[in-house]
Structure formats: structure tokens, C-alpha cells
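Here's the structure we're looking at; comments come further down.
The values are calculated or read from the model by the stated rules, or taken from the named source; none is laboratory data. Not measured: the values here are computed from a predicted model. Cβ placement follows ideal geometry from the backbone for every residue including glycine, while neighbour counts extend to all protein chains displayed.
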Amino acid sequence: MKPPHSSLKTGAVSVAVLLALSLGVTACGKKPAAMPMGGATDVGVVVVSSGPVSMTAELSGRTSAYLDSEVRPQVGGIIKSRLFIEGGYVKQGQSLYQIDPAPFQAQYASAQAAVAQAKAAQTTAKLKAERYAELVKINAVSKQDNDDAQAALAQADASVASANAALQTAGINLQYTKVIAPISGVISKSSVTPGALVTASQATELAKIQNIDQIYLDINQSVNDVMALQRAAASGTVGEANTADVELILQDGTVYPLKGKLQFSGVSVDEATGTVTLRALFPNPNRTLLPGMFAKARIVSGVVNNGILVPQPAVTRDPKGNALVMVVTKDNKAAVRPIQVAQTVGDKWLVTGGLQPGERVIVEGLQKVQPDAPVKPAIMGAAAEK
């Protein structure tokens, strides 16, 4: 037999175990206590306001020279010399090529001689006509002889005029043996060398000159965008742009430092692309921009009369892609608000629907906020400094 005190000890242990299990079961049966509330969540907000907001559009295009001239000879002959440096800058009126002038000098000399001959004949005819005009008055010569003398003088005058015209043509052709630059600009490489035979107005240019002190950017805008803007303007939602300034964005994303001016907007639609052509002119004093470069133009397409701007971090998207913001209600609770956005303006979204001026939009602390949860808003930005 076991000692009596051993049984008592075993009983005490069993009671303790049962009591512990009983407490454990009771604890498992209870709902977990709610986490104590730490108060409203701190969030940063902006108070939105409305006002005129410029709508911009980025349109792709290519640059082209302000002036573009293909140099061709106006008389035929042998090129004696080239008088420019390929790739250099030439001035208007500068000699570029010298065509052998010898044949044209001979033609000019022949034309001069023809003028002298015609003038000599004119002098003889004039003197005869004057004498016959006096003699016919006293019936010393017949009227027919006088008429013939007057006609001979008129013919001599015409011969002089014709000879002078031929002399002028010969002089022009002689001048054309010097091929001059029609415009100032950067000249290309030469397509001919001294000794080459050229012909008047030939198809192949001798060289090409491009003036790029200013440069065009030809851009295309979708006709659908043009019509949508026109409808918005007709409804009063969007006003007309009050500026023709254009920004140029290079292919690497950098913005060209000098602004251009919109020159014109096309009045017809390209049937192949469904676009309207626009052209902007940019100053190019350092010749940074070259013809044929791909670039984008940022233009002001219209003005939203009552636009609202919201920082981009405040705008999220639902699974369907709809834009959402979190606003603070009058009782300082967070609420999800669907909005309509048109485009980005700098680091903000242009909101065209869903928000009213004076509402508070959460921009910081969005990750800590749940809908209908209490929040403690702090106004950010310039409004907080007032």
C-alpha cells in the first residue's frame, strides 16, 4: 500500500491540472478583445480650388529648314572652279562655282558688235528720212520715196532695240557663268568637281543650301482631337487658347530652351493619316536643331474655365481603371470619391468632374486610411502657410 500522504499529493495535482484546463477552455471560448483605438489617423490634405487651367497637347513631328535652296546652273558649260568650303556657311550673293566664261564672252562681244552695226544703219536711215521729209514738202521727191525712207528709219530703230536685247541676254548669260548663292545658309557637299560638264536647269543640283537660323517643326494633330476640342469650346467647358507659344521636346526628352510660335494650322485633313498639319517656327541661333530631327511640340490647345488640379500621388485607380481619390468628409472621416481626369498638367491631374472647390483631398497617409475611418487632416502646401 501507498502511504496516505502520497494519495493526497496526487489528488492535489489532478485538481490543479483540471483547473488549468478549465481556465484554458474558458479562455478559448471567448472572443478576442478588440485592439484599443489609437485615435484618428494623421493625414495630409490639400484644399482644391477651381480656376482657368491651360490644356496642353504633345504632338510628334519633324524639323525642316526655314529656307531651303537647291543650287543649279542657269547656263551650260565646264566647271572651272569651286569657290566654297563644303559644309560651311555661305552668304547670299557669294560665288559658288565658276563656269568657263570664254564662249559667253565671245557671244557678248558679238552682241556688242551687232548693236554698233544696228546703230550705224539707224543713223543713215534717220538722216535720209529727215531729208526726204523736207523735200517732199516742195515736191522734190515723191511721196512714195518719202514713205519708204520713214519706214526704213522705223526698221533701223527696231534693229537697234533687237540688238540691245541680244546684248542684254549675252550679258546675263555671262553673269550666269558665276553660280551664286541664292540664300544665306549652310551648304552641302558639292555634287560636281572642276572639269565637270553642266547644263542649264539640270535635274541634279550642284549643292544644297539650308538656312537654319530659324527652323520649322511640322506636326500633326488628330482630327478627332480637334473636333473634341471644338465641341468642348462650343459647350463652354473649354475656352480658346490665348497663346501661340510652343515648347519643343527633343528625342532624348530634354526641352529646347527657346520657345517657338505657332505659324498656322492646316485647313484640310490628310486622308491617309486623318490628321491636320500644324507648323511652328523656332529660333535656332546656335544651329542646335537640324533639319530632319524627330521632336515633339507641347502646345496649349485650350483653357478649361473651371479646372481643378490635384497632385498625382492623390489619384489611384480601381481594377477597371477608373480614377479615385480619398476625401475628408465634414465629420473628418475618409471617403472614396470617383473622379474624371483629363490629362496631367505638370505634377498634377486636371480633374474635370467628381470634385467641388473647397473639398479636402488626402495626399499623404493614404496607406494608413480605410474608408469611413476617422482622420486628423493637416492642410499641406501654400494653404497651410496662410
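Before moving on, here are some points about what is shown:
- The set of residues in the stretch 73-132 that are touching a residue at least 60 places away in the same chain (Cβ under 8 Å) and in contact with an Asp or Glu (Cβ under 7 Å, 6 or more places away or on another chain) comprises Gly77, Ile78, Lys80.
- The number of residues in the stretch 38-56 being assigned to a loop (DSSP other than H, G, I, E, B), within 22 Å of Ala342 (Cα to Cα) and among the aliphatic types (A, V, I, L, M) comes to 1.
- If you check Asn173, Asn164 for being in a helix (DSSP H, G or I) and buried (at least 18 other Cβ atoms within 10 Å of the Cβ), only one passes: Asn173.
- Those strands (runs of 3 or more DSSP E) of the stretch 252-370 in which 3 or more residues are out of contact with any Lys or Arg (no Cβ under 9 Å at 6 or more places or on another chain) occupy 275-283, 294-311, 334-338, 340-345, 348-353, 360-364.
- Any hit, the stretch 100-109, residues being of a type in the set (Asp, Glu) and over 13 Å from Thr177 (Cα atoms): no
- One residue stands out in the stretch 190-212 among those that are among the polar types (S, T, N, Q) and assigned to a loop (DSSP other than H, G, I, E, B): the one that is modelled with the lowest pLDDT, namely Ser201.
- Selection from the stretch 286-338 of residues that are under 30 Å from Ile249 (Cα atoms) and without any contact (Cβ under 8 Å) to a residue 40 or more places away in the chain: Asn286, Thr288, Gln312, Val315, Arg317, Gly321, Asn322, Ala323
- Evaluating Arg298 against the criteria (1) under 30 Å from Gly87 (Cβ atoms); (2) in contact with an Asp or Glu (Cβ under 6 Å, 6 or more places away or on another chain) leaves one unmet condition, (1).
- Pro73 under 30 Å from Lys208 (Cβ atoms) and either in a helix (DSSP H, G or I) or touching a Cys at 6+ places or on another chain (Cβ under 8 Å) (or both): no
- Restricted to the stretch 238-256, and to residues there that are exposed (fewer than 15 other Cβ atoms within 10 Å of the Cβ), modelled with pLDDT under 70 and not charged (D, E, K, R), the residue that is nearest to Gly51 (Cα to Cα) is Asn242.
- The set of residues in the stretch 344-354 that are surrounded by fewer than 14 Cβ atoms within 10 Å (Cβ to Cβ) and either within 15 Å of Arg317 (Cβ to Cβ) or at pLDDT 90 or above (or both) contains only Thr344.
- Out of Ile183, Ile187, Ile215, Ile219, sole residue that is in the same structural domain as Arg298 (by TED's automatic domain parsing), within 23 Å of Pro283 (Cβ to Cβ), at pLDDT 90 or above and touching a Leu at 6+ places or on another chain (Cβ under 9 Å): Ile215
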